[in-house]
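As structure tokens, the structure follows; a few thoughts come after it.
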Amino acid sequence: RVRSDLNVTIRCIPLDADDEPGTCIISGQPSRRRVVFGKAY
């Protein structure tokens, strides 16, 4: 929903970041990492 509402895509998945448990804001599933969303202009 976030992707379609804001028209954003994943721009970066930091490879050197430590695992950080959380919840995916798109699917609601458990996640292990953060990603960076962005919008192309």
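Values quoted throughout were computed directly from the atomic coordinates according to the rules given, and no laboratory measurement underlies them. Quick caveat: nothing in here was measured; it's all calculated off a predicted structure.
In table form, for the structure just shown:
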{"item": "log10 of Debye I(q)/I(0), alpha-carbon scatterers only, for the chain at 0.23, 0.31 Å⁻¹", "result": "-0.83, -1.11"}
{"item": "The chain: calculated mean residue ellipticity at 222 nm from DSSP helix runs of at least 4, using -39500 (n - 2.57)", "result": "-2500 deg cm²/dmol"}
{"item": "Amide H partners (placed H, <5 Å) of residue 37, local residues excluded", "result": "11"}
